[in-house]
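Beneath this line is the structure, given in structure tokens, with notes to follow.
Please treat every number below as a calculation from the coordinates, not as lab data. The structure displayed is predicted, hence computed values, not measured ones. Every residue, glycine among them, receives a Cβ derived from its backbone with ideal geometry; neighbour counts consider all protein chains shown.
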Ligand code: NAD
């Protein structure tokens, strides 16, 4: 049976690294702070915001939350971003998704100061990532590979040898998770397959996913990946975070992978909760500290 990778342990070790980076940055005169902007109410976004608050507090990195009404006109949102762009105590800005439908995501993201855009959603940062020369690696995709690298280190395997020429299959193609995970796979000289929901509609999901030595799943569909979708001995990274109803209507968090089935087929697998999520949170704070270093260079 597969090894279940302990993301919380990996996150704890990464926190130590980020704490050192934080201290060095501060000692060198860097100013860091994260500001999140929430527009309207969304259960998944609020849950993410609570995780960010907790991680920022653990790492003693200042965090402020700006909450705008769900009906705020674009001009008000852009004005809030411009104010934060000019605020030297703010090194990183994160706009929580999803945005209300009356707002144009592309316009909102393009208004961010690229140096403060710690999730790399501004076209300049997305472009740098696609070219293989990222300014920031978006936290979820970064967490996926950090988890893989940590596991490989535990196994005593050399990451570059493992990745080179092996096939990475990414299920889900969003700008924030799937595409960055694909860009990073290119940089590792892996063969890459990227699928979206049309593979499922066409009944060909398994034909694609079974080719993966590494299977990264970010679709947002509970239980999408079953044993039949997985190559024997593959490493499965479950990015999905879905809130489903448990017994008596209790809200429960599950991933996109049917762990109890896949565990009998994979070599290693990340659980949900306790897999990629905790590492994602620490990486966002890491980027916030890195942003302060970039800001110093820009002065
Ligand atoms: P999204 O809805 O923006 O994109 C989902 C992608 O999956 C799309 O490309 C879609 O075509 C594809 N997809 C949907 N159904 C599919 C199917 N049946 N078969 C194949 N592909 C399918 O979602 P997102 O923002 O990329 O997030 C994906 C999941 O990851 C969600 O569950 C989200 O909550 C989770 N997430 C987790 C973290 C973390 O830190 N672990 C961070 C961000 C998002």
Count of the stretch 232-270 residues which are away from the ligand (no atom under 11 Å from the Cβ), buried (at least 19 other Cβ atoms within 10 Å of the Cβ) and closer than 16 Å to residue 150 by Cβ: 4
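If I ask for residues that are assigned to a helix (DSSP H, G or I) and either touching a strand residue (DSSP E or B) at 6+ places or on another chain (Cβ under 6 Å) or under 12 Å from residue 225 (Cβ atoms) (or both), which ones from the stretch 166-185 would you list? Please lay out each step first, then the result.
Kept after step one, since they are assigned to a helix (DSSP H, G or I), are these residues of the stretch 166-185: 178-185.
If the condition is that a residue be assigned to a helix (DSSP H, G or I) and either touching a strand residue (DSSP E or B) at 6+ places or on another chain (Cβ under 6 Å) or under 12 Å from residue 225 (Cβ atoms) (or both), then 178, 181, 182, 185 are the ones that fit.
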Enumeration of residues in the stretch 177-201 that are more than 24 Å from residue 233 (Cβ to Cβ) and crowded, with 18+ Cβ neighbours inside 10 Å: 177, 179, 180, 183
Unmet requirement for residue 218, which otherwise passes all of (1) touching a residue at least 24 places away in the same chain (Cβ under 8 Å); (2) more than 9 Å from the ligand (Cβ to nearest atom): (2)
Candidate set from the stretch 167-180 (those that are more than 9 Å from the ligand (Cβ to nearest atom) and in contact with a helix residue (DSSP H, G or I) (Cβ under 6 Å, 6 or more places away or on another chain)); member that is farthest from residue 262 (Cα to Cα): 180
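Test residue 164 against the stated conditions and say whether it is surrounded by fewer than 18 Cβ atoms within 10 Å (Cβ to Cβ) and closer than 22 Å to residue 221 by Cβ. Spell out the reasoning first.
On the way: surrounded by fewer than 18 Cβ atoms within 10 Å (Cβ to Cβ): yes; closer than 22 Å to residue 221 by Cβ: no.
No.
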Test: residue in the stretch 276-284 that is within 13 Å of the ligand (Cβ to nearest atom) and not in a helix (DSSP H, G or I): no
Only listed residue being more than 27 Å from residue 43 (Cα to Cα) and in a helix (DSSP H, G or I), chosen from 206, 212: 206
Residue satisfying all of: in the stretch 138-166; within 11 Å of the ligand (Cβ to nearest atom) and closer than 14 Å to residue 235 by Cα; farthest from the chain's Cα centre (by Cα) among these: 147
